[in-house]
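Trainee: Here it is, the structure in full.
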Amino acid sequence: MKKLSALFVIVALLVSSGLRADVKLGEIFTDHAVLQRGAATAVFGTADAGEAVTVRVGAAAADAVADADGRWLARINLNDVGPGPHSLTVKGKNEIVLQDILVGQVWLCSGQSNMQFGLVSALGGRDEIKNVTNDHLRTFNVSCVGAPQPATVLKGSGWQQTIPANGSRTAVGYYFARELQRELNEPVGYINSSWGGSSIESWLEPATATRLSADARADWEKILDNLAQYPTRLEQFQQDVAAWEKQYDRADRESTGMPADDAWKAVNLNKLPGNGAGWLRAVLDLSEKDVAGSGSLNMRYSGVPGKLYCNGQLVREHSLATIATNVSTWAGIDKKYLQPGKNVIAYRYFRPAGDFRLLLELRTAGGTVKPTWEHCMEYTFAANAEAEKSYPKISTRPEPNKTPTFLYNGMIAPMKPYSLAGVIWYQGETNAGKARWYLEHTEQLVSQWRDHFKHAELPFYWCQLANYMAKVDKPSASCAWADLRGAQTAAQRIPHTGQAVLIDVGESGDIHPLDKETPGKRLVAMALNDVYGKARPSRGPQASGAVLVDGKIAVSFENLEGGLVAKELPAQYPVALVDKRFAELKRNAPGGTLEGFAVQGGDDQWQWADAVIAGDKVIVDASKVDAPKALAYGWENNPTCNLYNQEGFPAVPFKVTLP
């Protein structure tokens, strides 16, 4: 009996020890982290409910007690702690020690692809990576995760030195952090939480809908309703396709295998033959570097059901449901399938109706590969116009990066409440068609994130959309990108915010301009001036008034910074710097020294207008129209405009109604 009792005691001890939750830090805390200098810097994690926790950084210490949910938060005074490196020690029933911790300034970098854009791909980025080392610059890259509910676990890279190991990290964030570190001479950490193509709604918290205007709320709820109904629509689509295949006898047949080498022909991926099953093939010569890691085949903004093979082995199958559901379809190729030397990547597809196109992106551990693709049909159905016309259709499922709340839930909520100095934001391209709601969305974003990170005056600076798309010969009645820029300008009414005007760094044929240093420098100028008390010019001329007298419009400006300047226009403008493509620049208003001004007459038609600088004003000739009623500057998707101040900051595009 005594032996049995002793056994029960041992089992009870083992069970209780197994149920004990060790003290843990939030995932944002890793070796090499940068902590925000301040009197109440947040350090947080989980432990047993009621467990006492002590945090130490250098000579500073703070205590906390885990709440009923097992969450603890310590506020530690780091104002008198040097830059480090330090160890971060957290002690409860167990002890955690992180090494190489710095104390300085921490900024969150967020938005879509132009913030996500890697330094290695930016103009001059490779030279920067090759020539610069700075241990006082650290970065944390948050993984792209969308979630329907706020997550509690943050997924990411951990804190890492910026250069040379992390050339793929945000280029705008890097240049911002580099300039900030140079000026302040203290460590700077920048957290990259961005996702290409994301909408601003995806970065807002779940309760947002109740605070929006009726129209904005209706649009928000429409997207969520579409997502909720998608499984039912997808099931119906699959049933419709099966019925269609039976009706027209167009179900897939058993494959005869990969075609012989002499059967392949060159192909145009923009027009691939359907009405049957076909094969695509790429023959690659890969190096040891290429096969050191896994690869991938991405059908970007396109897709077709099929099977992916690598060197004769089946790697991945994309079902009809997978293709129908996703805008882009990614397939990993494990390195075990790859080999140095010759490799054959093949995709056997089934497309029972109509021609189609694919945008294929093939990657290896060594980078993006651009092979020559070859094609061969395995079999073809007889032409049937009725069958092709009646093939069922379904729209793709709303993407996580365009679904309200999903990126807030997956990429911001689990970071709470890491202490920050501020936020830089580069987003808006995806919302260009919804400019009418962008101001209220931005107000919600800033307010929510300030509450989330427990900083009521959290500085928030954004990049205004750069110039993009074809230039025009006549002023446009409406421009989606110009309207979005107008909403961004209006959002400056939010205290402790500002925008970097990028109307001069874009490329007409590339939504991702390569110049990421200029945005970084313009953002940091505002931060240094506003946040850190280092007085300097930080903004471009912004119209403050316009008066019409005798056919002339006198425009007043603020942020003159030494006076107004008409910058010399180049002979060419960039179409796509990545391909070194340029086009000849044509002036729209050669009668003046300034370009970019347009006047609207009483007939509602817009005309280009000559304009010149006169002291601290611009004088616009409105004589080309009758009864001038409105004035615009730079109000095009890709305007030609050249008004600056003496410090080199471009004027803010604007549109005003004349009194």
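The values are calculated or read from the model by the stated rules, or taken from the named source; none is laboratory data. None of these values were measured; they are calculated from a predicted model. All Cβ positions, even for glycine, are placed from backbone atoms using ideal geometry, and neighbour counts span all protein chains on display. Accessible surface is based on the protein model in full, side chains and every heavy atom, while ligands, DNA and RNA are left aside. Shrake-Rupley method; radii C 1.70, N 1.55, O 1.52, S 1.80 Å.
Trainee: For every other residue with a beta carbon closer than 11 angstrom to the beta carbon of ILE191, add +1 if it is Lys or Arg and -1 if Asp or Glu, then tell me the sum.
Mentor: +2
Trainee: Got a number for the accessible area of VAL578? Probe 1.4 Å, square angstrom, nearest 10.
Mentor: Number for this one is 90 Å².
Trainee: Can I ask one more? With labels modelled as points extended 7 Å from the Cα through the Cβ direction, what inter-label distance (nm, one decimal) is found for ASP355 paired with GLN161?
Mentor: 5.4
Trainee: Could you compute the net charge surrounding TRP244? Neighbours are other residues with a C-beta less than 14 Å from the C-beta of TRP244; K and R count +1, D and E count -1.
Mentor: Details: positive: LYS246, ARG250, ARG351, LYS389, LYS393; negative: ASP240, GLU245, ASP249, ASP252, GLU386, GLU388.
Here the count lands on -1.
Trainee: Tell me, what ³J(HN,Hα) does each residue in region 31-41 have, in order and in whole Hz, if you take phi through Karplus 6.51 cos²θ - 1.76 cosθ + 1.60 with θ = phi - 60° and put x for Gly and Pro?
Mentor: 3, 6, 5, 10, 9, 5, 5, x, 7, 9, 5
Trainee: Using a cut-off of 12 Å between beta-carbons, work out the net charge of the residues near GLU27 (Lys and Arg +1, Asp and Glu -1, GLU27 not included).
Mentor: +3
Trainee: To the nearest 20 debye, what charge dipole does region 90-230 have about its Cα centre, counting +1 at the Cβ of each Lys and Arg and -1 at the Cβ of each Asp and Glu?
Mentor: Numbers: 12 positive and 14 negative charges, 65 e Å.
My answer is approximately 320 debye.
Trainee: Which shape class, rounded, prolate or oblate, goes with the chain when its Cα gyration tensor gives a ≥ b ≥ c as root eigenvalues, a/c under 1.5 marks rounded, and past that a/b bigger than b/c marks prolate?
Mentor: The shape class here is oblate.
Trainee: Using protein chains only and a probe of 1.4 angstrom, how many square angstrom of VAL153 are accessible, to the nearest 10?
Mentor: 80
Trainee: Give me the percent of the accessible area of the chain that comes from carbon and sulfur atoms, probe 1.4 Å, all protein chains in place. Mind dumping the intermediate values first?
Mentor: Working: 14670 of 29450 Å².
Of all accessible area on the chain, carbon and sulfur atoms account for 50 percent.
Trainee: Now for a different question. List the pairs from LYS336/LYS370; LYS222/LYS474; LYS370/LYS580; LYS289/LYS521; LYS516/LYS655; LYS289/LYS516 whose alpha-carbon separation is above 25 Å, in the order I gave them.
Mentor: LYS222/LYS474; LYS289/LYS521; LYS516/LYS655; LYS289/LYS516
Trainee: Turning to a different aspect of this structure: Can you tell which of ALA282, TRP244, VAL304 lies farthest toward the positive end of the dipole of region 241-328, using +1 and -1 charges on the Cβ of basic and acidic side chains (Lys, Arg; Asp, Glu)?
Mentor: TRP244
Trainee: Further question: Rounded to the nearest 20 Debye, what is the dipole magnitude of region 328-467 about its Cα centre when Lys and Arg each give +1 and Asp and Glu each give -1 at the C-beta?
Mentor: On the way: 17 positive and 13 negative charges, 66 e Å.
Taking the Cα centre of region 328-467 as origin, the dipole is about 320 debye.
Trainee: Which whole-Hz couplings ³J(HN,Hα) result when phi for each residue of region 520-537 is put into the Karplus expression 6.51 cos²θ - 1.76 cosθ + 1.60, θ = phi - 60°, listed in order with x for Gly and Pro?
Mentor: Working through the residues one at a time gives x, 6, 6, 5, 6, 4, 5, 4, 5, 6, 8, 8, 9, x, 9, 4, 6, x Hz.
Trainee: Say the dipole of region 45-143 comes from +1 at the beta carbon of Lys and Arg and -1 at that of Asp and Glu; which of GLN112, VAL55, PRO83 then lies farthest toward its positive end?
Mentor: Final value for the positive-end residue is GLN112.
Trainee: For the chain, build the charge dipole from Cβ charges (+1 Lys, Arg; -1 Asp, Glu) around the Cα centre, then report which of PRO659, HIS441, VAL23 sits farthest towards its positive end.
Mentor: Value: VAL23.
Trainee: Tell me, in nm to one decimal, what length is gained between ALA456 and GLN339 on full extension, where the rule is 0.36 nm per residue of separation less the Cα-Cα distance?
Mentor: Separation in residues times 0.36 nm, less the Cα-Cα distance, equals 36.6 nm.
Trainee: Distance between Cα centroids, region 440-473 to region 541-572: provide it in whole Å.
Mentor: Each part reduced to its Cα centre gives a spacing of 25 Å.
Trainee: Before I look further, what does the chain give for accessible area per residue, probe 1.4 Å, in whole square angstrom?
Mentor: 45
Trainee: At 222 nm, what helix-only mean residue ellipticity would the chain give, in deg cm²/dmol to the nearest 500, using -39500 (n - 2.57) for each DSSP H run of four or more?
Mentor: Rounded to the nearest 500, the figure is -6000 deg cm²/dmol.
Trainee: Let me spell out the model: positive unit charges on the Cβ of Lys and Arg, negative unit charges on the Cβ of Asp and Glu, origin at the Cα centre of the chain. What dipole size does that give, in debye rounded to 20?
Mentor: 1100
Trainee: Then there's this: Using the Karplus curve 6.51 cos²θ - 1.76 cosθ + 1.60 with θ = phi - 60°, what ³J(HN,Hα) values do you get for each residue of region 601-611, in whole Hz, with x for Gly and Pro?
Mentor: Whole-Hz 3J(HN,Hα) from phi for region 601-611: x, x, 8, 6, 8, 9, 9, 4, 10, 6, 8.
Trainee: With N denoting the number of residues in region 46-150, provide Rg(C-alpha) divided by 2.2 N^0.38 Å, to two decimal places.
Mentor: Cα-based Rg divided by the globular estimate yields 1.43.
Trainee: Let me ask something additional. Of the listed peptides 609-621, 506-518, what is their order by residue-averaged count of other C-beta atoms within 10 Å, with the highest listed first?
Mentor: 506-518, 609-621
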